[in-house]
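J.: First the structure, which I've put down as structure tokens, then a few questions once you've had a look.
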Amino acid sequence: MEKYLVTGACGFTGSHVCDILAERDIQFLATDLESADRQWLPEGAEFLPADITDPDSIKPLLEGIDIVLHPAAVFDWSASEELLQAVNVHGMENICAAAKEAGVKRVVSWSTSGVYGDQQFDELPITEDYPCKPIDKYSLSKYRQDQIALRYSHEEGLPTTIIRPGVVYGPRSKYGAMQIFDALSMAPIIPIPENFTFKLGTVHARDIAAAAIFVSTKKEADGEIYGVVDDSGVTMRDFFRMIAAVLGKPTIPIFVPPKLAKYGGLIAADISEFIAKNITKTKPLLEKDPIRFFPISLDVSNRKIRELGYEFQYSDVRLGIIETIDFMRDEGMLDISPIERLKELIRG
């Protein structure tokens, strides 16, 4: 039986990868930083700490490993370009170089649909061969990571596969899509932006994890890129509406010109980032980079991975929303006052 290495195993997506491997009785080694919180690792999981920015710490991980699943990355809109380059880009180079030397059969690398930027494509949905024009530091680092993966697959003899998720959500998330859940859970009345019919391109964390394991077994996936989003085609308006329904909160319809919403959001993010940097010395509640994408429709095709044979567990986003809010409730995130929750988010 093949043995897997899971990088970033203590993180949001990585821990779900480990769960699925454990559920299927597949051998794996989990790795993350020594300081990483291991609360979500499956009981009895084999764990060996390492730092992917240090090539010497990677080599011991690969003894007896057949397949590397590589979700480890810095996902932080406020991270410096230097940190993103060190972890996401150079870390990928280190993983691939060590994997090639160790004779690993396949590396599956996590990318992001953010690499397409804010382009207004004439034809939708977005497919894997569309041009990439990242507009933010994080997406640019993932695009560079993609280029390393493809180079190793096409020129260095190391089979790699790239998966490109849309907006990843689900239990254990603390950032990204979870910020929407946090904000709406604190609102006494949830505003529904009726004219925000832009698709979100959602995918549950377990689906992106299972899709990575799935492509790792397919020879025809060598050197390929796969968009991974669910079948819901959910819009921002409907996403808000579904969350409100599960939370049992009243709603109010609003109509805001998208460009006005974007400019207002950028101004609010500027203020938030200034306060965080100069006063609170914490992570800002609002950040400019994700707002710069708005308004676009992240209408990403999943046809390619479906034709390969992958079947989504969370094809209906409503199931994932229920599960995510149940997790928030179990963790006590819905039982504290909005002020206390804000304090928690500011503290990170």
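J.: Take Ser80, Ser232, Ser173 and order them by how many other Cβ atoms sit within 10 Å, fewest up front. Numbers along the way, then the final one.
T.: Values: Ser80 11, Ser232 23, Ser173 20.
By the 10 Å Cβ count, ascending, the order reads Ser80, Ser173, Ser232.
J.: Determine the dipole magnitude for the stretch 145-262: charges of +1 sit on the beta-carbon of Lys and Arg, -1 on that of Asp and Glu, nothing else is charged, the reference point is the Cα centre, and the result goes in debye to the nearest 20. Please list the in-between numbers first.
T.: Numbers: 13 positive and 12 negative charges, 107 e Å.
That gives the stretch 145-262 a dipole magnitude of about 520 debye.
J.: If you don't mind, there's one more thing I want to ask. Relative to the Cα centre, what is the charge dipole magnitude of the stretch 84-214, using +1 at the beta carbon of each Lys and Arg, -1 at the beta carbon of each Asp and Glu, and rounding to the nearest 20 debye? It would help to have the intermediate numbers written out before the result.
T.: Values: 13 positive and 14 negative charges, 97 e Å.
Computed about the Cα centre, the dipole is about 460 debye.
J.: Now for a separate question. Based on the alpha-carbon gyration tensor of the stretch 210-287 and its eigenvalue square roots a ≥ b ≥ c, which shape applies: rounded if a/c is under 1.5, prolate if not and a/b is larger than b/c, or oblate? List each step's numbers first, then the result.
T.: Numbers: a/c = 2.45, a/b = 1.49, b/c = 1.64.
Here the stretch 210-287 falls in the oblate category.
J.: Related question: Provide the gained length on full extension for the span Glu194 to Gln313, in nm with one decimal, where the gain is 0.36 nm per separating residue minus the Cα-Cα distance. Don't skip to the end; give the middle numbers.
T.: Values: separation 119, 0.36 × 119 = 42.84 nm, distance 2.85 nm.
Taking 0.36 nm per residue and subtracting the Cα distance, the gain is 40.0 nm.
J.: Output the relative contact order of the stretch 171-267, whole-number percent, from Cα pairs under 8 angstrom with separation of 6+ residues.
T.: 46
J.: Non-local amide H neighbours of Val68 (under 5 Å, H modeled in plane, Pro and chain starts lacking H): which ones?
T.: So Val68 has HN proximity to Leu5, Arg106, Val107, Val108.
J.: In degrees between 0 and 90, to the nearest 10, how far off the longest principal axis of the chain does helix 258-275 point, with axes built from Cα atoms?
T.: 80
J.: On to the next question. Output ³J(HN,Hα) for the stretch 221-237: one whole-Hz value per residue in order, computed from phi by the Karplus curve 6.51 cos²θ - 1.76 cosθ + 1.60 with θ = phi - 60°, and x for Gly and Pro.
T.: 8, 4, x, 9, 10, 10, x, 10, 9, 6, 8, 5, x, 5, 8, 4, 4
J.: Gap in Å between the Cα centre of the stretch 79-115 and the Cα centre of the stretch 280-336?
T.: 23
J.: Turning to a different aspect of this structure: Eight or more residues apart or on different chains, and alpha-carbon atoms under 25 Å: count the Lys pairs in the stretch 211-318 matching that.
T.: Details: Lys218/Lys304; Lys219/Lys304; Lys259/Lys288; Lys262/Lys277; Lys262/Lys283; Lys262/Lys288; Lys277/Lys288.
Final tally of qualifying lysine pairs is 7.
J.: Shifting gears a bit: Taking 45 Å as R0, compute the FRET efficiency from the Cβ-Cβ separation of Asp330 and His154 and round it to 0.05.
T.: Details: r = 45 Å, r/R0 = 1.01.
Given R0 = 45 Å and the Cβ-Cβ separation, E is 0.50.
J.: I need the calculated FRET efficiency for the pair Glu43 and Lys262, taking r as the beta carbon distance and R₀ as 30 Å, to the nearest 0.05.
T.: Efficiency for this residue pair is about 0.10.
J.: Starting with the fewest neighbours, write out Lys281, Lys262, Lys142 ranked by other beta-carbon atoms found within 10 Å of each beta-carbon.
T.: Working: Lys281 8, Lys262 16, Lys142 27.
The fewest-first ordering by Cβ neighbours comes to Lys281, Lys262, Lys142.
J.: Please list the non-local residues whose amide H lies under 5 Å from the amide H of Ile190, H modeled 1.01 Å from N, same-chain partners needing a gap of 5 or more.
T.: Distant-sequence amide H within range of Ile190: Thr251, Ile252.
J.: Once Lys and Arg get +1 and Asp and Glu get -1 on their Cβ, which of Ile192, Phe294, Ser216 lies farthest toward the positive end of the dipole of the chain?
T.: Farthest towards the positive pole: Ile192.
J.: Could you state the angle between the C-alpha long axis of helix 338-347 and the longest principal axis of the C-alpha atoms of the chain, as a value from 0 to 90 degrees rounded to the nearest 10?
T.: The two axes meet at around 40 degrees.
J.: Please get the size of the charge dipole for the chain, origin at its Cα centre, with Cβ charges of +1 on Lys and Arg and -1 on Asp and Glu, quoted in debye to the nearest 20. Can you show the working numbers first?
T.: Numbers: 37 positive and 52 negative charges, 190 e Å.
Dipole magnitude for the chain comes out near 920 debye.
J.: Once fully extended, how much extra length lies between Lys100 and Lys249, figured as 0.36 nm per residue of separation less the alpha-carbon to alpha-carbon distance? Show your work: numbers first, answer last.
T.: On the way: separation 149, 0.36 × 149 = 53.64 nm, distance 5.27 nm.
Once the chain is fully extended between Lys100 and Lys249, it gains 48.4 nm.
J.: Can you tell me, using C-alpha contacts under 8 Å and at least 6 residues apart, the relative contact order of the chain as a whole percent? Walk me through the numbers on the way to the answer.
T.: Values: 645 pairs, mean separation 58.0, N = 348.
After rounding, I find 17 percent.
J.: Same structure again: Can you tell me how the stretch 76-120 classifies by the Cα gyration tensor, rounded, prolate or oblate, using a/c under 1.5 as the rounded cut?
T.: Numbers: a/c = 3.87, a/b = 1.64, b/c = 2.35.
Oblate, because a/c is 1.5 or more while a/b does not exceed b/c.
J.: If you take the square roots of the eigenvalues of the alpha-carbon gyration tensor of the stretch 1-103 and sort them as a ≥ b ≥ c, do you get rounded (a/c under 1.5), prolate (a/b over b/c) or oblate? Walk me through the numbers before you get to the answer.
T.: Details: a/c = 2.04, a/b = 1.25, b/c = 1.63.
Oblate is the answer for the stretch 1-103, as a/c is 1.5 or above yet b/c matches or exceeds a/b.
J.: Let me ask something else about it. Long-range amide H contacts for Phe198: which residues qualify at under 5 Å (H placed 1.01 Å from N, peptide plane, sequence gap of 5 or more or a different chain)?
T.: Amide H neighbours of Phe198, under 5 Å, 5+ apart: Met236, Arg237.
J.: Quick check: net charge around His204, other residues with Cβ under 9 Å of its Cβ, Lys/Arg +1 and Asp/Glu -1?
T.: On the way: positive: Arg206; negative: Asp207, Asp230, Glu323.
That works out to -2.
J.: Among Ile279, Ile95, Ile271, which comes first, then next, by fewest other beta-carbon atoms within 10 Å? Before the final figure, lay out each step's value.
T.: Values: Ile279 8, Ile95 29, Ile271 13.
Placing the least packed residue first, the sequence is Ile279, Ile271, Ile95.
FYI, it's all coordinate maths here, none of it is from the lab. What you see is a predicted model, and the numbers here were worked out from it, not measured in a lab. Positions of Cβ are generated from backbone atoms using ideal geometry, with glycine treated the same way; all protein chains shown enter the neighbour counts.
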